[in-house]
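Okay, structure first, notes after.
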Amino acid sequence: MRRVVVIAVAGLSLAGCSSFSLDAFKSAPPTVQVQLESNPPGADAKTSLGPGCKTPCSVSVPAPEGDNFSVSYALAKYQTATVQVQVTRTSGGLTSPDTAAAEPNPVVAELQPLAPPPKAHKPMRPKKPRAPKAAAAPAPAESAFPDPNAAAPQQAAPSR
């Protein structure tokens, strides 16, 4: 019976050791607190790492392995904008955790308004034909400028 108890205790001890890992001593990956702002405010900001919010706001993102990420801003009637963010990691020691800092922080985007759509041209309507002008009244005889289209007045032949 004594052997059975020893074997059972040894088996449980070995089972407990097989799940033991040095990962338990590793600290969680550092996170970066990033302030997101836009001009005009109220834009939807979304990081390439996932978290997002409506500006002005603050998000906490895990420090990426590639040491950079981007933030995209979208607002109705404005062009979308993307800003690159550089992450600097600092390794911690045995007693301090790893840290990370973002540059720039706050991340600010200047959103440009969309250009107004070009005005649609009205289709041209054909011009209505105009009625011919009425014939001008004959110039009075006393006029200094007689009508050149009028017949020349006939003069009587001189008498002899």
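What follows is calculated from the coordinates using simple rules that are stated; it is not laboratory data. Just so we're clear, the structure is a prediction, and the values are computed from it rather than from any experiment. We place every Cβ from the backbone using ideal geometry, glycine too, and count neighbours over all the protein chains shown.
General observations
- Projecting the Cα atoms of A102, S60, V87 onto the charge dipole of the stretch 27-110, computed from C-beta unit charges around the Cα centre, puts S60 farthest toward the positive end.
- Charge dipole (Cα centre; +1 on Lys/Arg Cβ, -1 on Asp/Glu Cβ; no other charges) of the stretch 37-122 amounts to roughly 620 debye.
- The stretch 30-38 - phi-based ³J(HN,Hα) in whole Hz, Karplus 6.51/-1.76/1.60, Gly and Pro as x: x, 10, 10, 8, 10, 8, 10, 9, 9
- By other beta-carbon atoms within 10 Å, ranking T55, T80 with the fewest at the front produces T80, T55.
- Extension gain, A131 to M1: 0.36 nm times the residue separation minus the Cα-Cα distance gives 33.8 nm.
- Between Q112 and Q84, the distance separating the two model label sites (each 7 Å from Cα on the Cα→Cβ line) works out to 1.9 nm.
- Here the extension length gained between K122 and C57 equals 18.8 nm, from 0.36 nm per residue of separation less the Cα-Cα distance.
- Ranked for footprinting exposure by Cβ neighbours inside 10 Å, fewest first, V4, V108 give V4, V108.
- Inter-probe distance in nm under a simple model that places probes 7 Å from Cα toward Cβ, at A76 and Q33: 3.3 nm
- If you plug the beta carbon distance of S91 and N68 into 1/(1 + (r/R0)^6) with R0 = 22 Å, you get a FRET efficiency near 0.75.
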